[in-house]
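So the structure is just underneath, and the comments pick up after that.
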Amino acid sequence: MLTLTSASSALTLFPECKTQRRRFSISAAADYKFPSFLPKQMEEIKDPFARKLATRIERLPVNVSFSEKSIMSSCVKPLIQSNQNPVVLLHSFDSSCLEWRYTFPLLEEAGLETWAIDILGWGFSNLERIKSCDVASKREHFYQLWKSYIKRPMTLVGPSLGAAVAVDFAVNHPEAVENLVLIDASVYAEGTGNLAKLPRAVAYAGVSILKSFPLRLYTTFLAFKGVSFDTGLDWVNIGKLHCLYPWWEDATVSFMISGGYNVSRQIDQVMQKTLIIWGEDDQIISNKLAVRLHFELPNSNIRQIPDCGHLPHVEKPDSAARLILEFMQNHSCQKKAQLAPTEEVVY
C-alpha cells in the first residue's frame with residue numbers, strides 16, 4: 001500500500017532531540033581550527049555549521065586492492081558509541097560530508113552514533129595516487145572503510161546520487177547494511193546520477209563545466225526553495241571546496257568515462273527495510289520517481305517533506321532528522337518485539 005505523508009509525528013524514543021527549524025542567515029563565524037589538509041579557502045566560508053563540522057573532518061587510512069598505499073580517506077567520526085547500530089551518511093554527486101552540516105548535529109544530539117563518509121573521488125580524501133574512481137573502486141573503498149572502522153551493520157543514508165551508491169552497496173554487501181534511507185534518490189536511467197559512457201576529451205570538458213561557479217550557483221537555486229542570494233553564494237563555495245584539490249579533475253573524469261551508477265536493475269534485490277524521503281517541490285528529480293521507487297522496493301515506506309526542494313537534509317534538516325529518527329525508532333521497536341521471548345501458555 002502506498003503511504004505518502006508529511007513529516008509531522010512526534011518522537012518518543014529521542015526526547016533530547018532538538019529539531020527546531022534552523023535559520024540559514026549567514027553571519028560572521030567564530031574562529032575554528034581546521035585540519036591542515038582542507039583547502040585554505042575553508043577560511044572564507046561563513047556558515048558556522050559548515051565551519052564547525054569541518055573542524056571534525058579527519059583522514060583514516062584505508063587499504064584497497066587498486067592502490068599500493070593506503071588511501072587517506074576523509075570522514076567525520078562519531079563522538080559517541082551507541083547500543084544501536086550506527087547511522088552512516090553519504091553525500092550527493094560531486095559533494096562532500098559538509099553536505100550534512102545541519103542534520104548531522106541533530107542526529108548526534110538524539111544520541112545516535114553518526115558517521116559522515118566522503119565517497120571515493122569526492123570530498124577531502126587524498127587521492128593523489130589513485131588512477132580509478134569507477135563504481136567498483138568506490139564500492140571497494142567504502143567496504144574496506146566499513147570493515148576497518150565501522151564494523152557493524154548500519155543504517156545507510158544516501159541522498160540523490162548517494163542513494164545509488166547506497167543501493168549498489170546494500171546489494172553487494174548486505175551484511176554491512178541493516179536499513180536504508182534514500183533521499184530524493186537518483187536511481188533510474190532518467191535520473192541525474194546515471195551517466196552515459198563518455199569519451200575522455202568530452203569528460204574533461206564536462207568536468208570544467210562542473211567546476212564553474214555560474215553552473216553551481218544556478219544548480220543551488222534550482223535545488224533549494226527560498227534561499228537568499230548571500231546564503232546561496234556561501235553554499236556554492238562550500239560545495240566546490242573539494243574541487244580545489246589537484247586530483248579532483250582526474251578522479252571525476254575516471255568516474256564519468258566508466259559510465260557512472262546504473263542501479264535500476266538492482267532495486268528489486270534490496271532486501272533491507274527502506275525509508276524513502278522526498279522533497280515535495282524537488283525541481284531536479286520528479287517525485288513521480290519516488291512513487292515508482294516505493295512500488296519497486298520490496299520493503300519500503302515513503303515520506304514526503306512539504307515546501308522542500310531536492311536536498312531536505314540541507315533545506316529542512318529538522319524534518320529530515322525527525323524522519324530518520326522515527327524510522328530507526330520503529331525498526332528498534334520491531335527488533336525488540338521479535339527478540340522478546342514468548343510466554344508459553346499451559347492448559
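Figures for the structure shown
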read-out	value
Derived scalar couplings ³J(HN,Hα) [segment 302-319; Karplus, 6.51 cos²θ - 1.76 cosθ + 1.60; whole Hz; x for Gly, Pro]	10, 10, 10, 9, x, 6, 9, x, 7, 10, x, 5, 9, 7, 10, x, 5, 5
Cα-projected label distance for Lys52 with Tyr218, points at 7 Å along beta-carbon direction, nm	3.5 nm
For segment 284-299, Karplus couplings with θ = phi - 60° (6.51, -1.76, 1.60), whole Hz, Gly/Pro x	9, 10, 4, 6, 5, 6, 5, 5, 4, 4, 4, 5, 8, 7, x, 9
Karplus (6.51, -1.76, 1.60) ³J(HN,Hα), θ = phi - 60°, over segment 145-160, in Hz, Gly and Pro reported as x	5, 4, 5, 7, 10, 7, 6, 10, x, 10, 8, 9, 10, x, x, 6
Protection proxy ranking of 147-156, 81-90 - average other beta-carbon atoms within 10 Å, highest first	81-90, 147-156
Burial ordering of Tyr32, Tyr245, Tyr261, fewest other beta-carbon atoms within 10 Å first	Tyr32, Tyr245, Tyr261
Burial ordering of Leu293, Leu217, Leu311, Leu98, fewest other beta-carbon atoms within 10 Å first	Leu217, Leu293, Leu311, Leu98
Mean Cα-pair separation over length for segment 40-132, i.e. relative contact order, pairs under 8 Å, 6 or more apart, %	30 percent
Loop-resident sites, segment 28-85, for trypsin sites (Lys or Arg not before Pro), counting at most 12 other Cβ within 10 Å (DSSP)	Lys33, Lys69
Proximal charge balance of His91 [Cβ under 13 Å; K/R count +1, D/E count -1]	-2
Sequence-distant residues sharing a close amide H with Gly279 (under 5 Å, placed H)	Asp184, Ile305
Burial ordering of Ile119, Ile302, fewest other beta-carbon atoms within 10 Å first	Ile302, Ile119
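A short reminder: the numbers here are calculations on the coordinates, not readings from a lab. What you are looking at is a predicted structure, and each value in this text was computed from that prediction instead of being measured. Using ideal geometry, Cβ is built from the backbone for each residue, glycine included, and neighbour counts are taken over all protein chains shown.
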